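The values are calculated or read from the model by the stated rules, or taken from the named source; none is laboratory data. This structure is a prediction, so every number in the text was calculated from the model and none was measured. Methodologically, a virtual Cβ is constructed for each residue, glycine included, from the backbone with ideal geometry; neighbour enumeration extends over all protein chains shown. The accessibility values were calculated without ligands, DNA or RNA, using every heavy atom of the protein model including side chains. Shrake-Rupley method; radii C 1.70, N 1.55, O 1.52, S 1.80 Å.
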Amino acid sequence: MHRAQGGDAAKPAVVADLPGTAEPAPLSVRLLRADDADRAQWDAFVMACPEATFFHRSGWRRVIEEAFGHRTWFFLAERNGQIEAVLPLAQIKSRLFGHSLIALPFCVYGGVAARSDEARAALDAEALRLAASLNVGHLEYRNYSPAHPGDPAWLGKDLYVTFRKEICGDDEANMNAIPRKQRAMVRKGIKLGLAGEVDQHVDRFFAAYASSVHRLGTPVFSKKYFSLLKEEFGDDCEVRVIVQGETLVAGVLSFFFRDEVLPYYGGGMPIARDVAGNDFMYWNLMQASAAKGYRIFDFGRSKRGTGAFDFKKNWGFVAQPLPYEYRLVASQELPDVNPLNPKYQLFIKLWQKLPLPLANALGPHIVKDLG
């Protein structure tokens with residue numbers, strides 16, 4: 001048996017074991033490391049933490065860095081080697097759209113995901129220090145729930161909402177939950193012989209998506225970005241296309257997280273309007289996801305006053321405000337980078353007139369700075 005050397009040397013250990021005498025281990029903050037073990041621990045925390053979302057997963061670091069070239073800082077707070085909070089951040093520095101630090105650009109949810117108030121405060125402080133050192137215009141948290149209610153230092157905007165609804169394993173019940181007029185559109189697609197297919201590549205999806213956003217006057221993401229999403233998140237990132245025979249009608253790229261399915265990027269070819277392609281697409285995804293046991297259909301973020309907002313309401317989904325928070329650093333006012341801003345209307349009209357191949361070539365160089 002091993003014995004401690006020297007009676008006096010052994011006493012502190014005995015005293016420390018007495019109730020009420022042990023000091024709690026300190027909380028430390030550091031960056032996520034690149035090794036697989038650290039990433040696995042981060043993702044295990046995200047999966048278990050109620051505040052965390054798909055957009056807190058570690059894979060977004062690689063996607064944002066490689067697809068867009070932005071710098072990232074994925075902070076974690078830990079105690080005794082156990083993670084208590086995470087905060088993924090990325091910097092966007094653009095002459096056109098400003099300088100910001102966001103949790104997390106290209107994602108609809110973000111901010112700090114924490115198990116304790118102490119850990120949350122530690123990551124808040126680290127984010128503010130980083131924002132000041134970078135001299136960004138503002139720090140932005142894309143919260144799903146309010147993080148700093150009543151704190152005047154954190155500003156908000158009533159712009160974004162999300163649409164989430166429970167689904168069940170019964171197709172008839174899910175269909176009947178859709179309001180009558182929208183249900184008729186879904187049935188139209190069914191009668192016209194539309195069908196869903198799952199692809200392991202993004203080519204057909206990208207063709208439908210690029211065609212759709214071009215008609216809307218929006219710059220397109222690169223095909224590389226979508227390929228990275230599929231590669232990084234594997235089976236948790238599904239590429240589904242809708243066809244009528246051999247004809248491509250529409251496509252949607254979705255994420256799966258816990259018991260949720262999140263259709264995230266979607267679009268249709270010109271034929272989609274005539275055959276209710278987009279309507280059938282979301283029903284087809286809902287039907288397939290419910291059969292696999294997913295119970296929340298997250299229709300995603302939309303801006304008030306847009307066609308996407310109205311489309312989702314037509315499905316019987318209720319708009320839930322997203323309490324995004326902004327902390328001004330070098331700027332004097334909140335950013336207003338969104339297509340509803342009148343100063344972008346001329347750009348949208350000009351973009352719609354570009355030939356599609358040219359729009360697909362130029363779009364990724366613009367959209368990478370929109371976040």
Review point. Considering Ile92, Ile102, which residue is over 18 Å from Ala122 (Cα atoms) and either hydrophobic (A, V, I, L, M, F, W, C) or modelled with pLDDT of 95 or more (or both)?
Key: Ile92
Practice item. Starting from region 179-196, keep only residues that are in contact (Cβ under 8 Å) with a residue 24 or more places away in the chain, then list their pairs with residues that are aliphatic (A, V, I, L, M) and assigned to a helix (DSSP H, G or I) whose Cβ atoms are within a distance under 6 Å, requiring at least 6 positions of separation or different chains. Key: Leu192/Val275
Review point. Could you list, in sequence order, the residues of region 60-82 that are open to solvent by 10 Å² or more (accessible area, probe 1.4 Å) and within 24 Å of Ala147 (Cα to Cα)?
Key: Arg61, Thr72, Trp73, Phe75, Glu78, Arg79, Gln82
Practice item. From Gly189, Gly196, Gly169, Gly137, grab the single residue that is touching a Gly at 6+ places or on another chain (Cβ under 7 Å) and over 30 Å from Pro323 (Cβ atoms). Key: Gly189
Review point. Inside region 262-339, counting only helices (runs of 4 or more DSSP H) that do not spill past its ends, which hold 2 or more residues that are in the same structural domain as Gly189 (by the TED database)?
Key: 272-275, 277-291
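To keep it simple, each residue is scored yes or no on (1) assigned by the TED database to the domain that holds Glu51; (2) assigned to a helix (DSSP H, G or I); (3) among the small types (Gly, Ala, Ser).
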| residue | (1), (2), (3) |
| --- | --- |
| Ala127 | yes, yes, yes |
| Val136 | yes, no, no |
| His148 | yes, no, no |
| Glu172 | no, yes, no |
Exercise for review: Working carefully through the options Arg187, Arg183, Arg215, Arg204, find the one that is within 16 Å of Val241 (Cβ to Cβ), of a type in the set (Lys, Arg) and open to solvent by 20 Å² or more (accessible area, probe 1.4 Å).
Suggested key: Arg204
Practice item. Give the residue, chosen from Phe221, Phe205, that is aromatic (Phe, Trp, Tyr), in contact (Cβ under 8 Å) with a residue 24 or more places away in the chain and not in a helix (DSSP H, G or I). Key: Phe221
Practice item. Could you tell me which residue of region 155-168 is surrounded by the most Cβ atoms within 10 Å (Cβ to Cβ), considering only residues that are part of a loop (DSSP other than H, G, I, E, B) and modelled with pLDDT of 95 or more? Key: Ile167
Review point. Got at least one residue in region 27-39 being of a type in the set (Lys, Arg), closer than 16 Å to Arg142 by Cβ and at pLDDT 95 or above?
Key: no
Exercise for review: Look at Val86 and say whether it is in contact with a His (Cβ under 8 Å, 6 or more places away or on another chain) and at pLDDT 95 or above.
Suggested key: yes
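Quick grid of which residues meet (1) open to solvent by 10 Å² or more (accessible area, probe 1.4 Å); (2) over 24 Å from Ile366 (Cβ atoms):
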{"site": "Lys223", "(1), (2)": "yes, no"}
{"site": "Arg240", "(1), (2)": "yes, yes"}
{"site": "Val249", "(1), (2)": "no, yes"}
{"site": "Val252", "(1), (2)": "no, no"}
{"site": "Asp259", "(1), (2)": "yes, yes"}
{"site": "Tyr265", "(1), (2)": "yes, no"}
{"site": "Gly268", "(1), (2)": "no, no"}
